[in-house]
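First up is the structure itself, then whatever we jot down about it.
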Amino acid sequence: MASGFGVNGGVPRCFSYWQEFSKCYASTDSPASCRAQADDYLECLHHTQEIARAKAVKAEFIKRAEHQAHEGRKAADILADGVIVGVGLIQREQNGHS
């Protein structure tokens with residue numbers, strides 16, 4: 001980030017967020033008012049909220065798979081349906097054809 005160039009030359013992926021944050025920080029008397037820009041920049045760098053959402057989706061999938069396993073389906077069949085795609089967003093045909 002210090003040089004302003006990304007790993008492969010060019011602009012770094014989070015550079016626009018950094019510019020927004022630094023513009024806000026330079027023009028304010030209260031740095032706390034730039035919290036939203038700082039949060040956006042940090043999310044771009046570390047993907048903490050994205051990872052948390054992915055973990056929540058995975059946990060819900062596992063919960064539903066366990067529930068379906070208690071209803072008589074084999075766990076392997078549930079997992080073979082397409083891991084995260086199987087959370088109910090896409091319905092499969094029940095006659096054996098995909």
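The values are calculated or read from the model by the stated rules, or taken from the named source; none is laboratory data. Quick caveat, the model's predicted, so the values are computed rather than measured. Cβ: placed from backbone, ideal geometry, glycine included. Neighbour counts: every protein chain shown.
With the condition kept exactly as written, say whether any residue in region 32-40 is in contact with a Cys (Cβ under 6 Å, 6 or more places away or on another chain) and either of a type in the set (A, V, I, L, M) or closer than 30 Å to GLY6 by Cα (or both). Yes, that holds for at least one residue.
Considering region 31-69, and only residues there that are modelled with pLDDT of 95 or more and among the polar types (S, T, N, Q), the residue that is nearest to the chain's Cα centre (by Cα) turns out to be GLN37.
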